[in-house]
Amino acid sequence: MRRIKAVAAVLALAGATLWTAAGTAGAAPAEGPRAAVACPTGWGSGAKGSAAMGADHLEDIRTGQHECYDRIVFEVPGGGDRIGYQVQYVDRFHADPSGAYVPVAGGAILDIRVGAWSYDLEAGAPTYPGKVGEALPGVNVSGYSTFRDTRFGGTFEGQTQVGLGVRARLPFRVIQLDDRVVVDVAHSWTS
């Protein structure tokens with residue numbers, strides 16, 4: 001009787017093994033090395049801009065990481081295509097209009113100006129809670145490939161200013177969309 005129970009246990013174990021093997025045979029093979037992503041090049045590092053018209057109010061600034069670049073987005077609900085911008089590398093970041101020097105960590109600094117107020121003059125309240133000289137609230141760029149630091153420069157004459165510290169002087173592009181301005185900074189000059 002013991003021998004029959006032992007044989008039954010061995011057969012049950014063998015069946016379970018075959019069942020598991022059959023179940024995984026149709027599964028997708030393990031992912032091999034990924035194909036290299038073709039990252040865009042040719043953006044350049046020269047100043048980029050459009051007419052800054054002081055559209056509506058800046059409500060949020062957020063960042064994100066992508067395979068080829070790091071991104072910073074300026075949300076201006078209701079701004080439409082009236083949101084102007086000026087983006088350029090500078091040697092030192094100075095808050096406008098005071099001219100006060102604001103240290104920004106990184107190998108290079110982008111001075112970003114977006115045509116939107118961060119303060120509602122009629123309501124007497126900020127629409128974006130940034131404080132001059134401080135890191136952008138709610139934005140953490142630690143661990144990013146390209147971004148190193150963010151600093152709020154303030155709002156003056158319908159423009160909000162941000163200092164963006166990056167790893168090095170790298171190519172960047174600016175995309176103007178309805179209700180936002182997007183700045184992408186590449187991880188490298190070539191892919």
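Kindly report the accessible area of the stretch 70-117 per residue (heavy atoms of protein chains, probe 1.4 Å, no ligands, DNA or RNA), in Å². Intermediate values should be presented prior to the final figure.
Numbers: 1930 Å² over 48 residues.
Ligands and nucleic acids excluded, the result is 40 Å² per residue.
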Quick tally, 1.4 Å probe accessible area for 184, 91, 56, 178, sorted with the most first, runs 91, 178, 56, 184
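The values are calculated or read from the model by the stated rules, or taken from the named source; none is laboratory data. If you're wondering where the values come from, they're calculated on a predicted model, not measured in any experiment. To get the accessible areas, we keep the full protein, side chains included, count just its heavy atoms, and leave off ligands, DNA and RNA. Shrake-Rupley method; radii C 1.70, N 1.55, O 1.52, S 1.80 Å.
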